[in-house]
1. Give me the pairs, please: first residue somewhere in segment 184-213 and under 23 Å from N86 (Cβ atoms), second residue anywhere and charged (D, E, K, R) and part of a strand (DSSP E or B), beta-carbon distance under 7 Å, and either six or more positions apart or on two chains.
2. If a residue has to be under 16 Å from the mean Cα position of the chain (by Cα), within 19 Å of K2 (Cβ to Cβ) and small (G, A, S) to count, how many in segment 195-223 make the cut?
3. Can you name every residue in segment 128-187 that is part of a loop (DSSP other than H, G, I, E, B), modelled with pLDDT of 85 or more and surrounded by 16 or more Cβ atoms within 10 Å (Cβ to Cβ)?
4. Can you tell me which residues in segment 92-114 are assigned to a loop (DSSP other than H, G, I, E, B) and of a type in the set (S, T, Y)?
5. Give me the pairs, please: first residue somewhere in segment 143-162 and more than 13 Å from N86 (Cα to Cα), second residue anywhere and basic (K, R), beta-carbon distance under 6 Å, and either six or more positions apart or on two chains.
Amino acid sequence: MKLEARNLRKSYVESDSNRVQVLQGANLELPSGACAALLGSSGSGKSTLLHCLALLDRADEGTLMYDGVDVSALKERDAARFRLENLGFVFQFHHLIPELTAIENVELPASLLGKVPAGRGAELLDWVGLGDKQKRFPWQLSGGEQQRVAVARALINRPKLLFTDEATGNLDRIRAGEILELLIKIQRDLGTTLLSVTHDGELAAKYALRYDLKDGQIWACST
């Protein structure tokens, strides 16, 4: 899935007398099947941009297109269904539901669409190395294992584009490297378009493409 963002602007009210402009005309073209990192310092607007790209938030101005179709003005119900059917998400904190087992957490997005593919949850957990821990609850798993469950959950609806937001930021260096290798393997083996937000230049260097966000704009694209 190809993503194009043109002239995205986003601001927030910080106080009664002050409005902070986070995105200032950001432009991004992400080719279908790309493996890309979005790099920027803390507070640069990376997460804001990702949320706008993923229809989790609305830009104040600009155009957002997926495979040439403008989705900028989708109503919230249509945007939610578009996300469920086309996009996957892995965040810094896994956001697993503690009352659900690993496999129940993985299958949750599919159940929201009313179609849980038989055996797919188990297949995905096996693929991320947790095939023997399907019935474990999140509190029975390590931090790295919980994040692997989150990765499997992001893949349950066969997303065309996978977004990650500091997905390794809450892990030690070894576990972070394992999750990064897993994400790049997913992109390579499944052909999923991948865009990962990070502030870590060493991790960003592992991706085929790198976009740099500074002062609310994308200033450079490195290959």
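1. From segment 184-213, the pairs are V197/D165.
2. Matching residues across segment 195-223 total 1.
3. Within segment 128-187, the first condition is being part of a loop (DSSP other than H, G, I, E, B), and the residues that meet it are 128-137, 141-142, 156-160, 166-172.
From what's left, modelled with pLDDT of 85 or more: 128-137, 141-142, 156-160.
Correct list: V128, L130, K133, Q134, R136, F137, L141, I156, N157, P159, K160.
4. As a first pass, look at segment 92-114 and keep what is assigned to a loop (DSSP other than H, G, I, E, B): 92-101, 113-114.
Result: T101, single match.
5. What qualifies is G144/R175.
The values are calculated or read from the model by the stated rules, or taken from the named source; none is laboratory data. Quantities reported herein were computed from a predicted structural model and do not represent experimental measurements. Every residue, glycine as well, gets a Cβ built from its backbone with ideal geometry; the counts of neighbours run over all protein chains shown.
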